[in-house]
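Have a look at the structure below before the remarks.
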Amino acid sequence: MTNIILCGGSGTRLWPISRTLMPKQFVKLFDDKSLFELTVERNSKVCDSQFIVSNTEQYFLALDQIENNSTLNIENSKFLLEPVGRNTAPAIALACMALPLDEIVLVTPSDHLIKDEDEYAKVLEKAKELAQGNDLVTFGIKPDFAETGFGYIEAEGLSVKAFHEKPDLPTATKYLEDGNYYWNSGMFCFKAGVFLDELKKYSPEIYEASKQALNNISSNNSLIRIKHEDMINIPDDSIDYAVMEKSKKVKVVPSDIAWSDVGSFDALFEELPKDKNGNTQNDKHISIDSKNNLIHGKDKYIATIDVEDLIVVDTGDALLVSKKGSSQKVKKVVSKLKGMNTQLHNIHLTGHRPWGTYTVLEDTPGYKIKRIEVKPGKRLSLQKHYHRNEHWTVVSGTATVTVGDTTKYVRPNESTYIKMGEVHRLENEGKIPVIMIEVQVGEYTGEDDIVRIEDDFKRD
């Protein structure tokens, strides 16, 4: 059985922890592990391999977390990279087309939490049995309260009678009372060929466009890259609309597996360990008569006095304060940020790249200061900038610096200067990380002022 892991979400409801270039599935929220890591660990126990569907930026995050997790084997992982997201139906279709038709697949999001793994294993066995009989299987989470933020599955035994959109509170309350309605988890199990047959039957446009896109791929044994123009040609649709709501082969397995989509700070609060006053555990939190608060922040001390039921999230460059119960409105904050002259919705102060990380120390009109760390054996793209000069000072390690036709070593406490428009590259040929301070000076210092001439990681 192959685990198809969908990594496409941006997790805007968990801003400022989750941002476009570091979405919630890759943020280490639980015992210094990400939801993505927990997903791979959990499903590796029941699946033979992982087939991870992501974009280019997320590919390097996923690769890094698998390689640095001693319990995971990168050899069991295959990747499919989408240049642009087209929803879950195309993502699953492309992955299934790249697998043997009789392969049973377990489709899971990368950002869900499942705490009862023993029950999860039992549920998967039942789903696998149904999938072997050529059914399309979905997992229905047994609701324990009237949730209005999830879609519902109406069941008749193991058969799916209907799918329902997110209800209002009276309707959700009735669903809970009726007892044959389940939260739609977004997890599925089926034979790759059976799903593709149903997709071809009910959404032929998606099927044909996906088939064409896969015929034009550039790939190796572990990596498939879909071309941008081919991806754009695939209709945008979810697996629910494209197949599951139309097919006559759909079954549901009731699942009481301590599941959460961690889709809001209220949901996150429920899953984090608490102190004796019901506050989330945080060594940097000083609590004076404060109860039942979510306090998140690592860089500075956060003191609360006589407050209850608050969400306080500090990430250095942004501070969120909200009443519990109102965290679904965080996405409205992100919408406002998108209309402002800021990148706060996209990137953190520390950005992750396939070669290492950078941390913005100061960002002022006219100049920007960064701390850059380059992993051993990695190098940045061969690039140039139209709007800034750069001054590099090495703090530790030895950097191999190419500017134009000249290559030289820059050692600790040594520096180099790159003029606007000069082609340059930074490489770490050593055994320890290269750490340096970069000062950018110019009329524009945005991250998009990079013209890549050559790149080891095949980024645009």
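The values are calculated or read from the model by the stated rules, or taken from the named source; none is laboratory data. These numbers come from a predicted model, not from an experiment. FYI the Cβ positions are ideal-geometry reconstructions off the backbone, even for glycines, and counts take in every protein chain you see.
Points to keep in mind about this one:
- The one condition in (1) of a type outside the set (D, E, K, R); (2) assigned to a loop (DSSP other than H, G, I, E, B); (3) buried (at least 21 other Cβ atoms within 10 Å of the Cβ) that S247 fails to fulfil: (3)
- Test: L310 is in contact with a helix residue (DSSP H, G or I) (Cβ under 9 Å, 6 or more places away or on another chain), surrounded by 15 or more Cβ atoms within 10 Å (Cβ to Cβ) and under 22 Å from F30 (Cβ atoms): no
- G8 fulfils the conditions (1) in a loop (DSSP other than H, G, I, E, B); (2) more than 20 Å from F457 (Cβ to Cβ) except for a single criterion, (2).
- Being under 18 Å from T12 (Cα atoms) and either of a type in the set (A, V, I, L, M, F, W, C) or buried (at least 19 other Cβ atoms within 10 Å of the Cβ) (or both) is not true of A258.
- From E454, E422, E429, E443, residue being within 21 Å of L344 (Cα to Cα), touching a strand residue (DSSP E or B) at 6+ places or on another chain (Cβ under 9 Å) and of a type outside the set (A, V, I, L, M): E443
- When Y175, Y207 are checked against the criterion of being part of a helix (DSSP H, G or I) and without any contact (Cβ under 8 Å) to a residue 60 or more places away in the chain, a single residue qualifies: Y175.
- Pair list, Cβ under 7 Å, 6 or more apart: the range 16-43 residue over 26 Å from L124 (Cβ atoms), other residue among the acidic types (D, E): L21/E57
- Tabulated pairs, the range 145-166, first under 16 Å from V253 (Cα atoms) and touching a residue at least 40 places away in the same chain (Cβ under 8 Å), second surrounded by 16 or more Cβ atoms within 10 Å (Cβ to Cβ) and among the small types (G, A, S), C-beta under 6 angstrom, 6+ apart or interchain: I153/G140
- Residue in the range 324-347 that is of a type in the set (D, E, K, R), more than 30 Å from G149 (Cα to Cα) and at pLDDT below 95 present: no
- Per-region count, the range 273-296, residues assigned to a loop (DSSP other than H, G, I, E, B), within 31 Å of the chain's Cα centre (by Cα) and surrounded by 17 or more Cβ atoms within 10 Å (Cβ to Cβ): 3
- Residues (part of a loop (DSSP other than H, G, I, E, B) and free of Cβ contacts under 8 Å to residues at least 60 places away in the same chain) located in the range 112-135: G133
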